[in-house]
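This report refers to the structure that appears directly beneath it.
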Amino acid sequence: MTTGDRGDLATATAHRAWDQCWGTEEGRSDWLVPESEVVSVASGLRAKGARRAVDLGCGVGRHALCLASLGFTVAALDGSEAGIAFARNAAVKAGHAIDFQTGLMTDLPYADQSFDYVLAWNVIYHGDREVVQRCLAEIHRVLRRRGTFQGTFLSQRNQHYGQGREIAPHTFILEGVSDKGHPHFYCHAAELVKLLKGFEPVSLIDREQLQPVSYHWHFVAERL
Ligand SMILES: C[S@@+](CC[C@H](N)C(=O)[O-])C[C@H]1O[C@@H](n2cnc3c(N)ncnc32)[C@H](O)[C@@H]1O
């Protein structure tokens, strides 16, 4: 079972598909090793005294565990109960005390300005623009002033942009393709900067992830 059946934003449904994925060894296999860019940014922040971190859409916990091992006090949230269960078990085995919660990225169960660092890796584009905006407003609320927000968006250079059914502007469902049966929102750089209202971009680059033409925006931003 997953969350998301309580009258939430209609296109914020991806966690249900990910719940299936996280239930199998094969589904988890590409998502167990932390991204080097995350390790690099998080290590730098720790060295400068950042302490409280949250991993939004933590999946099976690769970054939450990594942040805990770097010495952060870590909270982690995901809409998939299977993901949270796997991550919680891995944290216990590794001896990390992480505050895991099942919940939606559009309605965060955290106090205002309670984190120095928010990570949302390959998460916030799961929905239409309204979902993305709602999630960004929540991230802005829970991050302290001058805190760091690291994440990714889907780029319009991505090979899947424009494919499938457009259910809202720049939001597509790739029906029939196994892990893409839920909405994805794609943006260009100007749109991304507009969406990041209330944040100052520090770095922004369009990168291929794993496969050719799988472009994603990788960014680091500071909360104003
Ligand atoms: C591509 S996976 C990335 C997982 C993790 N960030 C990582 O890099 O390993 C996307 C994750 O976002 C979660 N997710 C998608 N939509 C969500 C929502 N509306 N609320 C909470 N979690 C969501 C999914 O359940 C899934 O675990």
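Does H160 qualify as being crowded, with 16+ Cβ neighbours inside 10 Å and free of Cβ contacts under 8 Å to residues at least 60 places away in the same chain?
yes
Which residue pairs have Cβ atoms closer than 7 Å, lie 6 or more positions apart in sequence or on different chains, and pair a first residue in the range 169-188 that is at pLDDT below 90 with a second residue that is surrounded by fewer than 16 Cβ atoms within 10 Å (Cβ to Cβ) and among the polar types (S, T, N, Q)?
Sorted first by the residue in the range 169-188, then by its partner, the pairs are L174/Q163.
Go through the range 17-31 and give me each residue that's of a type in the set (D, E, K, R) and near the ligand (Cβ under 8 Å from one of its atoms).
Scanning the range 17-31 gives a single hit, D19.
State yes or no: is T24 touching a strand residue (DSSP E or B) at 6+ places or on another chain (Cβ under 8 Å), over 24 Å from T171 (Cα atoms) and among the hydroxyl-bearing types (S, T, Y)?
For T24, the condition - touching a strand residue (DSSP E or B) at 6+ places or on another chain (Cβ under 8 Å), over 24 Å from T171 (Cα atoms) and among the hydroxyl-bearing types (S, T, Y) - is not met.
Before we move on, is F149 more than 18 Å from L195 (Cα to Cα), assigned to a strand (DSSP E or B) and of a type in the set (A, V, I, L, M, F, W, C)?
no
Would you be able to say whether some residue in the range 32-55 is buried (at least 24 other Cβ atoms within 10 Å of the Cβ) and within 9 Å of the ligand (Cβ to nearest atom)?
yes
Of the conditions (1) part of a helix (DSSP H, G or I); (2) more than 8 Å from the ligand (Cβ to nearest atom), F100 satisfies every one except a single condition; which number is it?
Result: F100 fails condition (1) only.
Test of understanding: among S40, S69, which residue is out of contact with any helix residue (DSSP H, G or I) (no Cβ under 9 Å at 6 or more places or on another chain) and polar (S, T, N, Q)?
Exactly one residue qualifies, and that residue is S40.
Can you find, within the range 59-76, the residue that is surrounded by the most Cβ atoms within 10 Å (Cβ to Cβ) among those that are among the β-branched types (V, I, T) and under 17 Å from the mean Cα position of the chain (by Cα)?
V74
Please find, within the range 178-224, the residue that is surrounded by the most Cβ atoms within 10 Å (Cβ to Cβ) out of those that are under 16 Å from the mean Cα position of the chain (by Cα) and part of a loop (DSSP other than H, G, I, E, B).
Step by step, filter the range 178-224, then rank; the result is P183.
The values are calculated or read from the model by the stated rules, or taken from the named source; none is laboratory data. Here the structure is a predicted model, which is why all the values come from computation and not from measurement. Here Cβ is always computed from backbone atoms with ideal geometry, including for glycine, and neighbour counts include all displayed protein chains.
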